[in-house]
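> Have a look at this one.
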């Protein structure tokens, strides 16, 4: 099965125009420029940036801008067999950037279909407009799921197949283990080396030792930047291997039994910047006290933050200030009840998080109203009905998973001036009634769209959506 991803890979070189000259710039050359010079480049090219951006953020903005511009001029490779036959003509007079945006909208609409086969059949029709559009749309097919090595090789070598830029692969049901145990060809090896993100799920929790699989995985996928492991038997020693993979910047390990000591050892062993760290239970005190201070500022996402069962550790701790300024997302566990513990480690006045994932919304109200940059709030409880009046006393730990959506609490939260998006989960049989009630009760937030949450257990009856409500100011 093919999946999609709208992200584009960063080009190795770009042409950057400044006020005084033109520079053929690679990322390394941009690093040699001063922050003021980079700001001038952004201003000249109308790239969204501000003086508060760090130097690395300015560089990434410039590279992303040129990556988008390069997409406009995509043409198929000259030696590609797609050029050997006539695909017809399409007359159009719109600017190419507008056409690409129209394609993106059509793409998203196609992928809303609940019938998977029809979803991708309609999306693939976009590649049949002409050769240039085939090349553009092909760049959005970058992820594949559950495919064997021979199938992967056939997909890459078939000129009609849009899978030409694979950088992400997903293995369901423990399929990573047999995949890494087989011999591979030179072409298969080249394909694996191009993959930057790997997701592997093993919901059967079979007892096969994971260490040999992990070693083979790291040898096979040499350029991994992101790894997401679910339901695997990962040991503390296995985890330590991941701490020193030089290309790895994102790690997520769900439904994996790791001790607090295992996690501390992992944080201490990290020898390069990480952007995202997510475990079943993450204790901020352990993370920031064990990780080398020079790597604090690289973290963008942490989770799932758990209740601190050793509050004495926090008595003499001084909240971290400047090195958390780049932290953007915090996720909490399902039964997290003490947000004040987080802010004994992280100074709330210096936090600039834009996305917060929580469950017990009511107890978070005072803190949410202090978060000066919060744009998106995600409530992970699956709601079946509306609660008109909810107080902190009513929402005790033993009933925190009740299915009512606390409207009165949300009416206070939406007063936050920066809050732009609410992300909620509903029971499917109450979807429309919930949407209607929220539209009426949480003005100016209105329903925007829903997204099917990734199914990691290949359950044919699986259906869980993420509902987005956006602030609409007329």
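The values are calculated or read from the model by the stated rules, or taken from the named source; none is laboratory data. Keep in mind it's a predicted model, so treat the numbers as computed, not measured. No Cβ is skipped: glycine too gets one built from the backbone with ideal geometry, and neighbour counts run over all protein chains shown.
> Run residue 70 past the list (1) modelled with pLDDT of 70 or more; (2) under 29 Å from residue 98 (Cα atoms); (3) assigned to a helix (DSSP H, G or I); (4) over 21 Å from the mean Cα position of the chain (by Cα) and report the number of the one that doesn't hold.
(1)
> I would also like to ask the following. Go through (1) surrounded by fewer than 20 Cβ atoms within 10 Å (Cβ to Cβ); (2) in contact with a helix residue (DSSP H, G or I) (Cβ under 8 Å, 6 or more places away or on another chain); (3) modelled with pLDDT of 90 or more; (4) closer than 26 Å to residue 470 by Cβ one by one and return the number of the condition residue 348 breaks.
(3)
> Let me ask you something else. I'd like to know if the range 303-325 contains one or more residues that are under 27 Å from residue 246 (Cα atoms), within 21 Å of the chain's Cα centre (by Cα), modelled with pLDDT under 90 and in a loop (DSSP other than H, G, I, E, B).
Yes.
> Still on this structure: Taking residue 165 and the conditions (1) under 19 Å from the mean Cα position of the chain (by Cα); (2) more than 21 Å from residue 229 (Cα to Cα); (3) at pLDDT 75 or above, which numbered condition does it fall short on, given that it satisfies the others?
All conditions are met except number (3).
> Let me ask another. Any chance you could count how many residues in the range 399-423 are within 16 Å of residue 364 (Cα to Cα), part of a strand (DSSP E or B) and at pLDDT 90 or above?
3
> On to the next question. Against the definition (under 16 Å from residue 381 (Cα atoms) and either in contact with a helix residue (DSSP H, G or I) (Cβ under 6 Å, 6 or more places away or on another chain) or at pLDDT below 90 (or both)), how does residue 430 come out, yes or no?
yes
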